[in-house]
């Protein structure tokens, strides 16, 4: 169970980050600095996703090719969303 | 056929049962080919109806609605149910052999893909008998695809057509996962990706495009189904609904053009090599060009939208990318032409078809460049120029595939086709094709999708109609030729082509069940050899110690005119114990599961919204009870089985009681339910039983001892399969989240808040985030317990995962109930699926995620029941828990984005 400690630390980090995201809304900071706080919240979500993928899904121990494959999917939807949204601006 | 083949539990091919239970890639390939040809005839008859209608301006035999159905059905059948599946019939048969594998990585999933494909097509066919099929064109453009614009008579049939597409996409996704896993894990030793035969190489690129493109279509179809069944308002939204559909559809639709065409390119390249006796000129550049097109295919979709309201800068960008994509194709065409010039061409039947395909594709390609230019597209869009262009491209691709059928027919059947009939077939086809489609360029001003046109165009349309019937008659020659040859054709040698150099030509015609009777194929010395197991292991060790194998030549490189020279050793090749590696090749569950899918979707096509949930709830209860029954039968009775049976039975009664309360009594519930409710429930029960039985079935297909596995050498096939599936799920959820963001931009980012009630607060989302994160933690600790063979801990952590997941669903249920029953000034009728576009995006996206959670929980129950009797203990056996964990964590990751997007910002 040597990994257990790492998993527990990651779990705590994930819970803290989630609470932080909610606190940014509860405290009214989001309303006050909407786009800046929006960015912070999304960055926190991205970090959380990387933590879950990296440690819980063990992606960091797999060959990089697996990461590239998943990253390609993410890139494709980001491109689709960005280009589609831009097309109607 | 080898001894092993006869003893592998498959009935003989002369029996119907064989074709129902087979999982062998060659059988499945033949099933795909025959079924695709059936759908070709189906779509072709609709085409003849269209051309008959076009004999005179204003039409002849069809009503307006009949014509619309014919046009729509023809497009959908040909694009989805004929061309790609036909290519994948050939791929199913040929690719495993060309890469040196005995079968695909997951044979049962391969059979499942086929049966889902067949039943999806039958479901589409059934839409014609449900009042009327969909009438809005194969692109299903909004708003013609939403209830307001669908005639009442077509309400059920249209949804059936949409659900048929959904089932088809599910089949494609499973197939994509299977092919990618196979091609990255099961190549003959020494066979690098770049050295794959060109047909196989074209297939691997096709499958990558399919994996991503079809996931976007899946998202679009799920949303469309929700708009039609639940009444969500995505595509009816005035601010951006129609645009959203076109973006999603064409993000899939343009790669689809290459998905259709790439296998044809691969066949052209192979046949040009074989029949010119010359390795493809510029082979490396040809491959690079294909890779480039595969990538570019995802950045050109908006050229289908030049006449929509997208802005001018984005049109300009997409014009440039579109013109750009023609350049790699130029290179490929020149490579094919130069190969002919440099070699000595043999005008065989397969070559003629492929030469014809090149000519047709060049015409189609050049005329397509016009459409890539914004200004010209303004003129050509919606005219017969487009119709002619894409038929030259798509049917041009099909032409190469017919050539491929003739090319591999001797290998598949062990019989030669009749050459004279083959020539007559090609000539009739080629003349008919050009008579049909070329006049459309001449009278290009004819408006598309209607049967009204200028009187002056009549002669040209009549020529086209004559051409259509000539083209149709060519298939009668083809079917006669192939059928006659199967029974009375000359025996085909192993290699009927003088310069056939890919691996399939070095094995018997037809190949034995496991393909390679001479031994294990290997390319470690730079040429094809067949090794005994001992030799193969020895050679593998040698390669490992020296780093790399010599460059292989899987096609065209070491051209040889003598088939015997291809093989070097080794009879008897395979050890007697090898048979034990293949426990069974037969399974009933792919066909029953697919039939269940057909029945369920047929029911869903007409189910009333208020009854939608109940078949699913009954099926979940049945699932739990059946786990107990099947577990006791397979693993021996244990207390967990009694618990499951009891839980399932209790659940069933509770659901029945709830239904009764909801409908004001059981009698009222029965009276109020339409037949579609019972059909859906029946299908859900059949699917549940099939799924569980399939999960328990002993079906061991071990990975080959020796294989080239770059770049996934360190990832087992099951894990790789799961990761590939998750990559497609990234696109699915990404498209859902992207749709939400798009609609929010279209409706005004911050104005969106006015569409949401104040009661929709952050806290339920935060609680669910905690629950899901905790469940992810529980799963990963469960895996550790399994690895360390701690059974009770494994069961305990899995139970905790289950409990947390249930907590997530209960919390969500409470939140949904609260929102649905609001009575505020802004939302007097509550806030639910149909209220507005914001509620639609919220409930559908989080609902899709919730469905993933439910599936995960059912798998957790399955794992608990199996772990109870000792499964999954140890480093290797714990793999199943790990693969489930990958899925569960992914569901968690998705929520990590849904939480801020739907609850905070």
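Each value in this text was obtained by applying a stated rule to the coordinates, not by laboratory testing. Quantities reported herein were computed from a predicted structural model and do not represent experimental measurements. Note that each Cβ is placed from the backbone with ideal geometry, even for glycine, and that neighbours are counted across all protein chains shown.
Per residue, the convex hull around the alpha carbon atoms of segment B:199-320 comes to 111 Å³. Coordinate range of the alpha-carbon atoms in segment B:649-738 per principal axis, descending: 63, 40, 24 Å. Converting the Cα gyration tensor eigenvalues of segment B:118-193 into ellipsoid dimensions via √(5λ) gives semi-axes, longest first, of 38, 13, 7 Å.
The fraction of all Cα pairs in the protein assembly as shown landing in successive 10 Å bins from 0 to the largest distance is 2, 11, 20, 25, 21, 14, 6, 1, 0, given as whole percents. Using every pair of distinct Cα positions in segment B:247-299, the Kirkwood expression returns a hydrodynamic radius of 12.2 angstrom. Note on segment B:770-905: Cα convex hull, mean projected area over all directions, 8.2 nm².
Distance between the pseudo-spin-label points of residue B:817 and residue B:330 (7 Å out from Cα toward the beta carbon): 6.7 nm. The base-10 log of I(q)/I(0) for segment B:722-776, evaluated at q = 0.14, 0.20, 0.25 Å⁻¹, reads -0.63, -0.97, -0.99 [Debye formula, identical scatterers on Cα atoms, solvent excluded].
Distance between Cα centroids, segment B:867-881 to segment B:252-268: provide it in whole Å. Between the Cα centre of segment B:867-881 and that of segment B:252-268, the gap is 42 Å. With the convex hull drawn around the C-alpha atoms of segment B:1-131, the volume per residue stands at 127 Å³.
Rg and Dmax over the alpha-carbon atoms of chain B stand at 28.1, 85 Å. Mean per-residue shielding of peptide B:878-890 is 2, counting Cβ atoms of other chains within 10 Å of each Cβ. The mean number of partner chain beta-carbon atoms within 10 angstrom of a residue's beta-carbon across peptide B:707-719 is 2. The spread of Cα positions in segment A:39-82, taken along each principal axis and listed from longest to shortest, comes to 30, 22, 10 Å. Pairs of alpha carbons in segment B:664-817 separated by more than 24 Å make up 67% of all such pairs.
If you take the Cα centroid of segment A:1-29 and the Cα centroid of segment B:91-131, the two points sit 44 Å apart.
Normalise the Debye intensity by I(0) for segment B:319-378, one equal point scatterer per Cα, no solvent, then take log10 at q = 0.27 Å⁻¹ and round to two decimals. Computed log10 I(q)/I(0) values: -1.12. Calculated over segment B:67-163, the projected area of the Cα convex hull averaged across directions stands at 6.9 nm².
Averaging Cα coordinates gives a centre for segment B:638-699 and one for segment B:712-758; these two points are 31 Å apart.
Could you compute how fast segment B:481-538 diffuses translationally, taking Rh as the Kirkwood radius over C-alpha pairs and applying Stokes-Einstein at 10 °C with viscosity 1.306 mPa s? Give it in µm² per second. D, rounded to a whole number, is 119 µm²/s.
Each peptide in B:420-432, B:769-781 receives the mean, over its residues, of other Cβ atoms within 10 Å, and ordering these scores from highest gives B:769-781, B:420-432.
Would you tell me the mean number of C-beta atoms belonging to other protein chains that fall within 10 Å of each C-beta in B:891-898, as a whole number? Whole-number average of other-chain Cβ neighbours for B:891-898 is 5.
Set the Cα radius of gyration of segment B:397-444 against 2.2 N^0.38 Å, with N its number of residues, and you get 1.46. If the Kirkwood radius is taken over C-alpha pairs of segment B:284-360, then at 20 °C and 1.002 mPa s the Stokes-Einstein diffusion coefficient equals 146 µm²/s.
When all alpha carbon pairs of segment A:5-89 are counted in 10 Å bins from zero, the resulting P(r) reads 15, 32, 34, 17, 1 %. Packing here is the average count of other Cβ atoms within 10 Å per residue, and on that basis the peptides B:722-728, B:218-224, B:48-54, B:657-663, highest first, run B:218-224, B:722-728, B:48-54, B:657-663. Remark: the residue B:682-residue B:650 segment gains 9.6 nm on full extension, using 0.36 nm per residue and subtracting the alpha carbon distance.
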